[in-house]
Amino acid sequence: MSILQAPKHYSLIPPPEMKPTGGRIPISLVGMINRTSFGFTQAEHHRALAMGHAAYLNEQLNHETIDDSTLNTRLAGAEFPTLAMTPELLSAVNTSDVQNQIIRSRLIRAVFSRRQLFERMVDFWSDHFNIWLFEDGIAGNQKTWDDSTVIRPHALGYFPAMLSASAHSPTMLDYLNNNTNTATGPNQNYARELMELHSLGVDGGYTQDDVIQVARCFTGWTYWGGSTNPSSIRYTFRFNAGNHDNGQKIVLGNIIPAGGGQQDGETVLQILAAHPSTANYIAKKMLRHFWGENPSADHIASIAAIYTRTQGDIRAMMRAVLNTPFNQPWEAKLKRPFHHMASALRALSATVTTPGNLQTQMTSSGHLPFNWQTPDGYPDTIAAWSGLLLPRWNFGASLMNSSFSGVSVDATVTGLLAGLPAPLTAVAIVGRINNLMFGGTMPANEQIALTTYLLPNAPTSAKIREAFGLAVGSPAFQWA
Amino acid sequence: MSQDCNACHEYQMLNRRRFLGVSGLAGLSALAAPAWLPRVAFASSHISGRDVIVSIYLRGAADGLTLVPPFGDPAYYTLRPTLAIPRPDDLANPNPRAIDLNGYFGLAPAMAPLLEAYQAGTFAIVHAAGSPDSSRSHFDAQRFMEVGKPRDPSLYTGWLGRHLITANQADPNAVARAIGIGYQLQMTLQGGPKSLPIPDLTNYGLTGPSGTRTARLNYLNTAYAAATDPLRASAANTYNTISVLNSINFGSYVPQGGAAYSNSSFQRALRTTAALIKADVGVEAVAIDRGGWDTHSAQGNLVGGSLYGTMTDLATGLQAFHRDIVQQNWNVTVVVMSEFGRTAAENDSLGTDHGHGGVMFLMGRNINGGLVHGTWPTLSSLYQNQDLHVTTDFRDVLAEVVALRLGNNANLSTVFPGYTPTFRGLTT
């Protein structure tokens, strides 16, 4: 051959840069439930239909009004004794017990709480103020306290209050080394991440000098150690005046006068909370989590304006995110693995008596709660999570194959198939799967493929269970 | 779209390979082949002209001034009165001393296992290397390096991903061109064709009742064929890669050359990568991460310390891979990088903060090793008054590998857009 030819699969022209997205979709009530919860259920769908879209959203936004006593009774029981413990008590418990309980309670709350939007917010903020539960340090025992005093009280509250609570959280100060940040030995780690990840965003307009100045402001912010007396203050916030740099600082152009003591850090938190970059960064991050990866600048600005007007009212921002005038159509959101797992357990009305038996599955999917090592939190993009599908496929199979002891799904006529006429047909079973898991929105081709799987013989109970498992792994069930 | 066709093509090729496997080709090799090789072993000449690349990212900003101490620079000892690695000739110092490489640079004691590869001439160090961007954010700096261009928010693909897009597929039969060891595909590989994240190569298959496994896989294959990208492409790659990985018996793999991998996750990744490379299934690139380098306090350069342990894992892992792969004459290039170095001075927490210039490593039989490359800017003049300057742009290092070891010189402007690299003589 005399002419050198490129093989067919060799593209001479590189393709244009395309950010991976799942495209744009119109949002339905089913879609709205998926976006505001850890997964659609038929019961939730019926309730939302009866209440109407607006009233349903309003209820979820006002989570305190929703009765969650069944869940709370379980959480207060023998299964989770550490959840309500003080720092002092937590420090006396085996670390792995504390870690297991916060992980397992995270799953139980996601699946069984009736305050679904609230739990989604907890998930969102747990990544925003991420602390690695397995870090060498106090996190193993004390992250529970951060969860119950930083994340949960403010998840639908006011952002400045949450930012401040996090800055006073011993676990955060320990995780980001501020407990070693002193006048003679400044440590920039917390100061940098406070601005980069917690408030302004990396392009929020701060400089390396601001990092140095903010670190100086937070010198002496630490916690009382494990041998302090009285013991009741162990692992609580401590301002150690002796380690504070009392000189003047200039932060983002603001002069912080000398001699301010602890007030220096408090002033920084106020500056950051009131900064327009913070409004923009939080608005953008919320939209990316709940609406889609590529919100327009106008869309972001409209949510940021609410932050500024309300001084950081998360509930007001979320109301606008979910009622956005930009909402037709929304961008597709891929469920992250934890969301995917919780959504399957919810849609299939699973009984979860031993949530610990799901920890290995969560680990193998790459999304065990509180197990992201770096302070940026678990990623929230389609590109990050679309590669590893196998654990999602296997979760469906394992769940329906009763591989998780203490986690069960009743896929019979006494359970999920109740009311279907005998003999059971492939078409009827797939119709039920469609209603239970997709609110009737299962794509036709996936219905056909699943029906084909159940045919040609009369479906056995084993095959029915496999069909449910395959639906958990199906393409449509991956999207929120 | 071409990805549809690719998926079909992949599937057909897989079947063709299976056919070859039972029709004689493999029959011959089966006599000599070790048991861990895939049953579908075939001619291994596809990639002889190009190296497989193993890209190792040290996440958290590795302290290049400890890994490869510049003991010949007096300022090093002024800036790090406690943390500096003692000079090789500082016999009065009770702590383990630097291992002399060339009279000016050394290896930290924990990095001693790398001396073997360095002396063999197949391990090269590039010092004062890194990104010219001033970011001290781990996440931005990693992203800038992995996409291969600082501060371009419109780039969503990695440098290695774009290499794979533009390079002719090395093995026309390959169903997996790149694997990122982990749960998320590394930014380095994003955008590349037939590229998947896999946390554990030895455990990648569909669970559930074996009697229905094929039928269930077929359902998933059918359902995902009509799905939206990126799920569609990802599912096709998953479907095809399951077969390939399951054909390799990782469990009975015996490393060669006296290589001894530990059971750390990093070394398990290297060990399984070695088996994957020798199985010769056409994988062209593997990305591996090693975290734990963000040593703000009590960094612990000495035995028992945190950084000591991290360096030991890196060094012993690379030593094993060197014996197992490089010494066995496999065409593989290893690159090791980190987002930035750390402050030249130690802080009062006996750690170091986010810095600038760092160190990069290259390993392979065609690497100009046994040398510390680069221009030493000295530590008496510091970047922003606190860090080692960058005198070698990381893209110079990577571009030379792409051009001369991965055979893709023609597309360097796509792999590293907006940058004209200078080759530094790092390859032979």
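Taken together, the values in this text are just the output of simple stated rules run on the coordinates, not laboratory data. On a predicted model such as this, the values are computed, not experimentally measured, just so you know. Don't worry about glycine lacking a Cβ; one is built from the backbone with ideal geometry, like all the others, and counts go over all protein chains shown.
Ranked highest first by the average count of other Cβ atoms within 10 Å around their residues, in what order do B:303-310, A:133-140 fall? Don't jump to the answer; show the numbers that get you there.
Details: B:303-310: 16.9, A:133-140: 19.1.
Top of the packing list down: A:133-140, B:303-310.
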Kirkwood-based Rg to Rh ratio, the range A:337-478, C-alpha trace | 1.00
Per Stokes-Einstein, at 25 °C and 0.890 mPa s, what whole-number D in µm² s⁻¹ belongs to the range B:368-420, with the Kirkwood radius over Cα pairs as the hydrodynamic radius?
-> 188 µm²/s
Collect residues whose amide H, placed 1.01 Å from N in the peptide plane, falls under 5 Å from the amide H of B:Glu339; neighbours closer than 5 in sequence don't count.
-> B:Gly60, B:Ala61, B:Ala62
Taking placed amide H atoms and a strict 5 Å upper bound, the residues 5 or more places from B:Ile198 or on another chain that come that close are B:Gly180, B:Ile181, B:Gly182
Taking chain B as a Gaussian network, Cα atoms linked when under 10 Å apart, which of B:Ala269, B:Ala110, B:Ala260 shows the biggest mean-square fluctuation?
-> B:Ala260
Counting every Cα pair in chain A, what percent are over 34 Å apart?
-> 41 percent
In degrees, nearest ten, helix A:95-112 long axis to first principal axis of chain A (Cα) = 50 degrees
Which far-off residues, 5 or more places away or on another chain, put their amide H under 5 Å from the one on B:Tyr383, with H placed in the peptide plane?
-> B:Leu388, B:His389
Could you work out how far helix B:213-225 tilts from the main Cα principal axis of chain B, as a 0 to 90 degree angle to the nearest 10?
-> 80 degrees
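Can you order the peptides B:330-341, A:159-170, B:413-424 by their average number of other Cβ atoms within 10 Å per residue, highest first? Walk me through the numbers before you get to the answer.
On the way: B:330-341: 24.8, A:159-170: 22.0, B:413-424: 16.8.
Answer by packing, highest mean first, reads B:330-341, A:159-170, B:413-424.
Could you list, in their original order, any pairs among A:Lys285/A:Lys335; B:Lys194/B:Lys278; A:Lys143/A:Lys285; A:Lys463/B:Lys194; A:Lys284/A:Lys333 whose Cα atoms are separated by more than 21 Å?
Details: A:Lys285/A:Lys335 16 Å; B:Lys194/B:Lys278 19 Å; A:Lys143/A:Lys285 23 Å; A:Lys463/B:Lys194 32 Å; A:Lys284/A:Lys333 15 Å.
Correct reply: A:Lys143/A:Lys285; A:Lys463/B:Lys194.
So what's the back-of-envelope 222 nm ellipticity for chain B, counting only DSSP H runs of four-plus at -39500 (n - 2.57) apiece and dividing by all residues, rounded to 500?
Working: 13 runs with 137 residues, N = 428.
It lands at -9500 deg cm²/dmol.
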Find how many whole Å separate the alpha carbon centroid of the range A:347-373 from the alpha carbon centroid of the range A:137-163.
-> 21 Å
Rel. contact order, % - alpha carbon contacts under 8 angstrom, at least six apart, the range A:277-331 = 39 percent
Could you work out, residue by residue across A:193-200, how many beta carbons of other chains sit within 10 Å of that residue's beta carbon, and then give the average as an integer?
-> 2
Reciprocal of mean inverse Cα separation for the range A:243-392 (Kirkwood radius, Å) | 18.7 Å
Computed helical MRE - 222 nm, chain A, DSSP H runs ≥ 4 contributing -39500 (n - 2.57), nearest 500 | -13500 deg cm²/dmol
From the backbone phi of the range B:329-338, what are the Karplus-calculated ³J(HN,Hα) couplings (6.51 cos²θ - 1.76 cosθ + 1.60, θ = phi - 60°) in whole Hz, Gly and Pro given as x?
-> 6, 7, 7, 9, 10, 9, 10, 10, 8, 8
If one builds a Gaussian network model of chain B from Cα atoms under 10 Å apart, the most fluctuating residue listed among B:Ala108, B:Ala174, B:Ala226 is B:Ala226
Once phi is turned into ³J(HN,Hα) by the Karplus curve 6.51 cos²θ - 1.76 cosθ + 1.60 with θ = phi - 60°, what whole-Hz value does each residue of the range B:419-428 show in order, with x for glycine and proline?
-> 9, 9, x, 10, 6, 10, x, 8, 10, 10
Based only on the alpha carbon positions, what is the Kirkwood hydrodynamic radius of the protein assembly as shown, in angstrom?
-> 29.1 Å
Can you tell me the relative contact order of chain A? Whole percent, Cα pairs under 8 Å, sequence separation 6 or more.
-> 18 percent
Here the relative contact order (percent) of chain B, from C-alpha pairs under 8 Å and at least 6 apart, is 27 percent
Whole-Hz Karplus couplings 3J(HN,Hα) for the range B:279-287, θ = phi - 60° and coefficients 6.51, -1.76, 1.60, Gly and Pro as x, run 5, 6, 9, x, 5, 9, 8, 10, 10
Final fewest-first order of B:Thr228, B:Thr222 on the 10 Å Cβ neighbour count is B:Thr222, B:Thr228
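Please give the length that would be gained between A:Arg24 and A:Asp136 if that part of the chain were fully extended, namely 0.36 nm times their separation in residues minus their C-alpha to C-alpha distance (nm, one decimal). Intermediate results must be reported in sequence, preceding the final value.
On the way: separation 112, 0.36 × 112 = 40.32 nm, distance 4.26 nm.
36.1 nm is the gain from fully extending A:Arg24 to A:Asp136.
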In degrees rounded to 10, the 0-90 angle between helix A:297-310 Cα long axis and the longest Cα principal axis of chain A is 50 degrees
Just B:Leu79, B:Leu189, B:Leu388 to compare: in a GNM of chain B, with alpha carbon springs under 10 Å, which one fluctuates most?
-> B:Leu79
Using only the alpha carbons, work out the radius of gyration and Dmax of chain B in angstrom.
-> 22.2, 71
Report the normalised scattering of the range A:176-266 as log10 I(q)/I(0) at q = 0.19 Å⁻¹, calculated by the Debye formula with identical scatterers on the alpha carbons.
-> -0.84
